[in-house]
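Asks: Sharing a structure with you now.
Just so it is clear, none of the values below were taken in a lab; they were calculated from the coordinates. This structure is a prediction, so every number in the text was calculated from the model and none was measured. Here Cβ is always computed from backbone atoms with ideal geometry, including for glycine, and neighbour counts include all displayed protein chains.
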Amino acid sequence: MASSELAATYAALILADDGIEITSDKILALTSAADVELEPIWASLLAKALEGKNVKDLLSNVGAGGAGPAAAAPAAGAAAGSAAAEAPKEEEKKEEKEESDDDMGFGLFD
């Protein structure tokens, strides 16, 4: 990863840690203070990608997988919770069917 991309990411993390709104101007100001050249389009794209998102929550849920929607299901009600519980069962059945194709005796790399 290029140093300018890392600098933009670190600038966004610094702004989030200080509780300051992440904007392209502020990202550019931090990167220029660190003597890193960053094209304004990258700062703008990063700011738009993080707009309206809580960066601290994103960082704390990195390894959680699909925990975000599952945590919201109990607040939506019992019906939404039961629908969310049925969805993984259906996915498991589909995966089993896909695995049975391997038993045919041929594969992609045979």
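Asks: Once the other residues with Cβ under 14 Å from the Cβ of Asp18 are scored (Lys, Arg +1; Asp, Glu -1), what is the net sum?
Replies: After counting each charged neighbour, the total is 0.
Asks: Assuming R0 = 41 Å, what is the FRET efficiency of Ala33 and Asn61, from their Cβ-Cβ distance, to the nearest 0.05?
Replies: Here the calculated transfer efficiency is 0.85.
Asks: When you count, for each residue, the other Cβ atoms within 10 Å and take the mean per peptide, how do 56-63, 34-41, 45-52, 3-10 rank with the highest first? Provide the component values of the computation, followed by the final result.
Replies: Numbers: 56-63: 10.2, 34-41: 12.5, 45-52: 14.0, 3-10: 15.8.
Answer by packing, highest mean first, reads 3-10, 45-52, 34-41, 56-63.
Asks: While we're on this one: Label point 7 Å out from Ser44 along Cα-to-Cβ: which residues of segment 1-38 have amide N under 12 Å?
Replies: Hits in segment 1-38 for Ser44 at 12 Å: 24-25.
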